[in-house]
Each structure stands twice: as C-alpha cells, then as structure tokens.
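Heads up, the thing below is written out as structure tokens.
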Amino acid sequence: MYKAILEEIQKYDSIVIFGHTNPDGDCYGSQIALRESIKLTYPNKKVYAVGSGVKRFFKTIGEMDVISENVIEQSLAILVDGNDIPRMEDQRVRKAKAFVKFDHHVDIGSFTEGPSIVREDATSCCEIILDFLRDNHFMINQTIAQAILLGIITDTARFQFVEDFPKVFKDASFLCDNGADPNALNAVLNLTNERAAAFKGYVFSHYRKTQEGVLYLRLSYKQLKRFHLSPNAASSYVNLLSNIQGYPIWVFFCENEDGSLHIEFRSNGPAVQPVAAKYGGGGHALAAGVTIVNPTDEIIANIIEDLNNLIRTH
Ligand SMILES: [Mn+2]
C-alpha cells in the first residue's frame, strides 16, 4: 500500500495532515515530519499540519498551521496515528478531496475512504512514516529526524514498549546520524513543576482498587482545575499507577469541561483494548482509551466490572 499513498501525495498540490484528538508526541511528530519532508521533497506543494500539536515542542520542532476550510476542500487529507475520520481532532477533515492514512492502532476496519498503511507491530506512527520516507527517497533533515525520534521515544515510553529492538535501535541510530538529539528531547520531556508534583501526591493518596486487581482514579473537572491541569494533561499521568504488584490494570477517569468523561486504560496483563472498543473507543492492546459522552455511575461501575472480568479470565 506504500505505492498507493505515494501516488496520492504526488497527485495533490495541496495536502493537509490531520492528527487525533488529544494529540501526543507521536501524533504531533508524525504530522511535522510528514509536512516538512513533503515540502522539502516537493517544493511546489503546499503542505499543512493542523490541530493543537504539542506546544512544548513548537519552538524546537515546529508550530501547527492555521488554515481555512477552503484550503481543506482543495486538499488531500493525510490522517496519522488514529483509526479513522471520527478520531481526528479537526473535524473539517471531512471536507477534504481525498484521504490516506498512516496508523499503528488496532485496526477496526473503520477507515474506508482511501489507501492506508496500518502496522500494529510498529512502535509508533512515526516509525511507519520513517519507513515510508526512506523507502520512497523523501528528504530527511534535522527537524524531521527530531520529530520522528520524539514519536518513537514517547510512544515506547523511552524504548520500553518495543517488539523488534534491533529495528527500533537501528531507526534511532539513523535518526541521530541525521541530526536528532535525544538529550534535547529529554530535557523538554523531563521538565516538570510543583503543581505536577502536587498532582502526583494526590494521585498516590486517592486511587481506588478492586479485589481483582484494577487500580483506578476518577477526577472531576473541578479537581483538575485545582491542579491547573487540562483533562488531556491529567490523562497523560495514568502511568503513575503502573506496575504496582498485584494490579495488572490501571485506569484514569478524567471529566472534561462539557461533562463527558475521558478514560485511559493501561495493562501489563490482559488486553484492555476490547473494553475501550466496547464503549466506542480503541487504541492498542495494552494502552487504550475512550470518551463517554453521557457518563453515569452505572456506566463507570460496568466498565470497572468489565476490567475485573478481564483479570478473572486471563
Ligand atoms: Mn501513536
């Protein structure tokens, strides 16, 4: 399918790259890397990356583009790091002329609008994009290498969640040879503040647990505001509850401003993706998420019970 995507990219003079809601380092890195590489390789094409991106990296890796719907209507849409059109942050994606997709999430068959590359074994969408760029002789500069390494580093939690270590270390080595600087990425990723420290204290002293082995924490929008955290930022702390002996599943329930509930599931045992999918979400086998539009105590209790069942039958 690489060829089908290449042909679409060659065909369109205007290209807009879309990422998923709550963009992370892999989504943002994929968008920037593709944008910069297509622009370098095809200087006459207009290429844009839309959505909120990851602000901490704007200065060093690149900013997101602000464009009109008019532009999208003339463009090829490239979807990265998400299953399908509904998962995209900027829903104007629907207006695009044509669609292609790069992704590494569990394929639920929901993208039918164009050619796609889906490799569930890839560490990150950035890894797939790196393979695509190299296989098709696209140009790679320092910014592109840095954006791709950001995606690999963040989605693997710094080289922990990897199936093919030789491949991924070779990729990282190639990126460093092309100017990527892991120290610079780590300096930004490691930087924290006192509010985050206070939040961590809150998490460790307020989580709840089930007999079966689920750790979970429910955070209201009001509580999150006290810590000056967006629901998205709070969700990214779910791994504070990781790897506590006897608790193979850990979960954050974060209330959004509109009352909907964002849930992040993690596991080092049974696959949690099916539970996320049951409620309309998705993700990876051991790291998945869902947003519940009208959450009730009953739905939350059912979800926790579903997770208990996963452990019972694992
Ligand atoms: Mn990803």
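Once the stretch 11-27 is narrowed to residues that are in a helix (DSSP H, G or I) and closer than 12 Å to VAL54 by Cα, the residue that is nearest to the ligand (Cβ to nearest atom) is ASP26. Would you check if GLU113 is farther than 22 Å from VAL272 by Cα and crowded, with 16+ Cβ neighbours inside 10 Å? In short, yes.
Looking at GLU73, GLU8, just one residue is within 21 Å of LEU133 (Cα to Cα), more than 16 Å from the ligand (Cβ to nearest atom) and acidic (Asp, Glu), and that residue is GLU8.
Picking from residues in the stretch 101-119 that are within 16 Å of the ligand (Cβ to nearest atom) and among the acidic types (Asp, Glu), the one that is nearest to GLU8 (Cα to Cα) is ASP103. Tallying residues that are more than 17 Å from ARG119 (Cα to Cα) and of a type in the set (Phe, Trp, Tyr) within the stretch 162-184 yields 2.
Pairs linking a residue in the stretch 225-248 that is outside the structural domain of LYS200 (by TED's automatic domain parsing) and among the hydrophobic types (A, V, I, L, M, F, W, C) to a residue that is buried (at least 16 other Cβ atoms within 10 Å of the Cβ) and not in a loop (DSSP other than H, G, I, E, B), with Cβ atoms under 7 Å and 6 or more positions apart or on different chains, do not occur.
Yes/no per residue for (1) over 18 Å from ILE153 (Cα atoms); (2) touching a strand residue (DSSP E or B) at 6+ places or on another chain (Cβ under 8 Å); (3) more than 16 Å from the ligand (Cβ to nearest atom); (4) assigned to a loop (DSSP other than H, G, I, E, B):
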residue	(1), (2), (3), (4)
GLY29	no, no, no, no
LEU34	no, yes, no, no
THR60	no, no, yes, yes
GLU63	yes, no, yes, yes
ILE78	yes, yes, no, no
PHE99	yes, yes, yes, no
ASP121	no, no, no, yes
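The residue list LYS59, LYS55, LYS39, LYS45 contains one member that is in contact with a helix residue (DSSP H, G or I) (Cβ under 7 Å, 6 or more places away or on another chain) and among the basic types (Lys, Arg), which is LYS45. When the stretch 141-195 is filtered for residues that are more than 16 Å from the ligand (Cβ to nearest atom), among the small types (Gly, Ala, Ser) and either surrounded by fewer than 15 Cβ atoms within 10 Å (Cβ to Cβ) or part of a loop (DSSP other than H, G, I, E, B) (or both), the ones remaining, listed by number, are SER173, GLY179, ALA180, ALA187. If we scan the stretch 36-51, do we find a residue that is within 16 Å of the ligand (Cβ to nearest atom), surrounded by fewer than 24 Cβ atoms within 10 Å (Cβ to Cβ), under 23 Å from LEU130 (Cβ atoms) and in contact (Cβ under 8 Å) with a residue 24 or more places away in the chain? Within the stretch 36-51, one or more residues are within 16 Å of the ligand (Cβ to nearest atom), surrounded by fewer than 24 Cβ atoms within 10 Å (Cβ to Cβ), under 23 Å from LEU130 (Cβ atoms) and in contact (Cβ under 8 Å) with a residue 24 or more places away in the chain. The residues on offer are LEU219, LEU229, and the sole one that is at pLDDT 95 or above and over 30 Å from ARG119 (Cβ atoms) is LEU219.
The values are calculated or read from the model by the stated rules, or taken from the named source; none is laboratory data. Because the structure is a prediction, the values reported are computed rather than measured. Please note: Cβ atoms are built from the backbone with ideal geometry, for glycine as well, and neighbour counts cover all protein chains shown.
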